[in-house]
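Data block below; observations after.
The values are calculated or read from the model by the stated rules, or taken from the named source; none is laboratory data. Everything quoted here is computed from the prediction, not taken from an experiment. FYI the Cβ positions are ideal-geometry reconstructions off the backbone, even for glycines, and counts take in every protein chain you see.
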Amino acid sequence: MPVLILAGDEDFEISRKVQALREKLIDPAWASVNFMRLDNPNIQQICDAAAQLPFGPGNKVILIERCDLFTKKRSKGGGEEDAAPAKSAKKETAKDKNSGLELFEAALDSVAENTYLLFSCPYNFDSSLKTSKAVPKSVGIEKFEKERYYVGSKNPKLDTWCRKEARRWGATIDDAAATYLLDGLEADLRSVSNELQKASVYILPKTHITLEAVQELTPFHSHVFVLADKWISGKTSEAYDSLRELLSRQSGMPIIAMLQTMLSKWVYMKMLCEKYNQETPHAPGGKRELPLSELVKRVSVQVKSHPMVVESDLKRISKETSASLIRKKVELTRMEHLVKTGQLPESHALELLIAS
């Protein structure tokens with residue numbers, strides 16, 4: 001297929017696909033003359049490039065990088081300078097655009113057999129755009145949309161990706177190790193791949209990557225969610241380790257702000273759970289408590305969050321009451337006030353918070 005559109009916000013997979021196509025299609029002896037890279041060119045430049053032929057034997061590959069022809073451009077807003085042009089000028093512009101799109105469609109449909117035009121688009125393909133509609137049926141479209149990932153939740157698709165990526169580096173991996181890397185790197189596939197490559201070398205001559213191996217090689221104390229999890233779970237020593245790592249990379253105020261947000265959410269969720277349990281019919285002397293699955297279902301609707309994330313949070317705060325969470329939030333607010341008024345350094349405030 002001479003023309004291929006690779007579109008999506010998962011840039012790592014796009015770059016890997018481009019590299020694989022380059023290696024497959026181009027004769028290394030002629031690579032210097034049969035590979036061309038254009039950085040977000042206009043339609044006329046693309047039409048000119050599409051008419052080129054390979055030099056010598058083999059194929060020619062033309063890579064259109066950072067192409068935004070097939071992604072929706074958001075308006076930045078502005079003053080009068082952004083106002084619509086005069087009616088006659090608008091008609092002329094529309095006519096020119098239609099003419100340009102016809103040439104664009106014809107150019108893509110007539111690419112030579114041994115010339116390959118690759119569009120690398122950094123955002124998701126938008127089929128509603130005029131340029132997208134002008135793409136001939138002969139053009140291949142591959143979508144690389146970023147998989148949604150929630151820290152602390154399972155994602156079978158990304159778990160499978162980790163296992164395949166480990167095999168790429170000649171190893172296998174524990175499910176727990178894969179989850180650890182996805183959580184710590186927030187499912188950044190490029191970074192996960194780098195860590196898997198390091199781990200596969202680190203464990204030689206063994207070939208199985210364990211949780212212990214990746215924890216030793218890549219300690220993710222730096223993630224604020226890890227800090228919050230260790231703190232709320234009462235794992236004080238581990239929370240201190242995570243805090244020290246965080247403070248070595250950034251100031252304490254963003255950490256305090258994030259903890260405020262998380263505590264507010266946890267208080268709300270816990271109060272909802274207590275409310276639903278209180279409303280549950282029960283026999284005299286019986287226990288008012290809904291199953292976790294039912295609480296997750298109800299709470300996720302109220303907080304407008306993914307059920308897997310809600311379930312993870314409810315398990316995390318299962319030993320807390322709304323009153324204890326409110327006390328933690330009050331203490332955090334007091335520490336924040338002391339920091340903002342210059343009475344206490346950020347690091348000391350956070351250490352006191354963990355100790356409280």
For a quick check of your reading of the model, give me the residue pairs whose first member lies in the stretch 192-219 and is over 18 Å from Asp175 (Cβ atoms), whose second is surrounded by 14 or more Cβ atoms within 10 Å (Cβ to Cβ) and of a type in the set (A, V, I, L, M), with beta-carbon atoms closer than 8 Å and at least 6 apart or on different chains. Lys198/Leu217; Tyr202/Ala213; Tyr202/Leu217
Candidates Arg288, Arg298 - the one that is farther than 12 Å from Trp266 by Cα and touching a His at 6+ places or on another chain (Cβ under 7 Å): Arg288
With the requirement that a residue be assigned to a helix (DSSP H, G or I) and among the aliphatic types (A, V, I, L, M), what does the stretch 339-356 give you? Val339, Ala349, Leu350, Leu352, Leu353, Ile354, Ala355
The lone exception for Ala83 - which of (1) surrounded by 10 or more Cβ atoms within 10 Å (Cβ to Cβ); (2) of a type in the set (A, V, I, L, M, F, W, C); (3) at pLDDT below 65 it fails: (1)
Modelled with pLDDT of 90 or more, part of a helix (DSSP H, G or I) and more than 30 Å from Leu189 (Cα to Cα): is that true of Ala89 in this structure? no
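So that you can scan it fast, the table gives a plain yes or no per residue for (1) charged (D, E, K, R); (2) surrounded by 13 or more Cβ atoms within 10 Å (Cβ to Cβ); (3) under 21 Å from Ser322 (Cα atoms):
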position	(1), (2), (3)
Leu211	no, yes, no
Gln215	no, yes, no
Val224	no, yes, no
Ser242	no, yes, no
Ala257	no, no, yes
Met269	no, yes, yes
Asn277	no, yes, yes
Ser293	no, no, yes
Would you pick out the residues in the stretch 120-153 that are surrounded by 15 or more Cβ atoms within 10 Å (Cβ to Cβ) and within 24 Å of His223 (Cβ to Cβ)? Lys146, Tyr149, Tyr150, Val151, Gly152, Ser153
Could you go through the stretch 191-204 and let me know if any residue there is in contact with a Leu (Cβ under 8 Å, 6 or more places away or on another chain), under 23 Å from Ala50 (Cα atoms), in a helix (DSSP H, G or I) and among the hydroxyl-bearing types (Ser, Thr, Tyr). no
If we only count helices (runs of 4 or more DSSP H) wholly inside the stretch 242-338, which ones have 3 or more residues that are out of contact with any strand residue (DSSP E or B) (no Cβ under 8 Å at 6 or more places or on another chain), in the same structural domain as Ala228 (by TED's automatic domain parsing) and of a type in the set (Phe, Trp, Tyr)? 253-279
Exclusive hit being closer than 18 Å to Ser153 by Cβ and at pLDDT below 90, set Pro307, Pro254, Pro281: Pro307
Quick count over the stretch 196-209, residues being under 24 Å from the mean Cα position of the chain (by Cα) and surrounded by fewer than 21 Cβ atoms within 10 Å (Cβ to Cβ), is 2
Segments classed as strands (runs of 3 or more DSSP E), wholly inside the stretch 1-72, with at least 2 members that are surrounded by 20 or more Cβ atoms within 10 Å (Cβ to Cβ): 3-7, 60-65
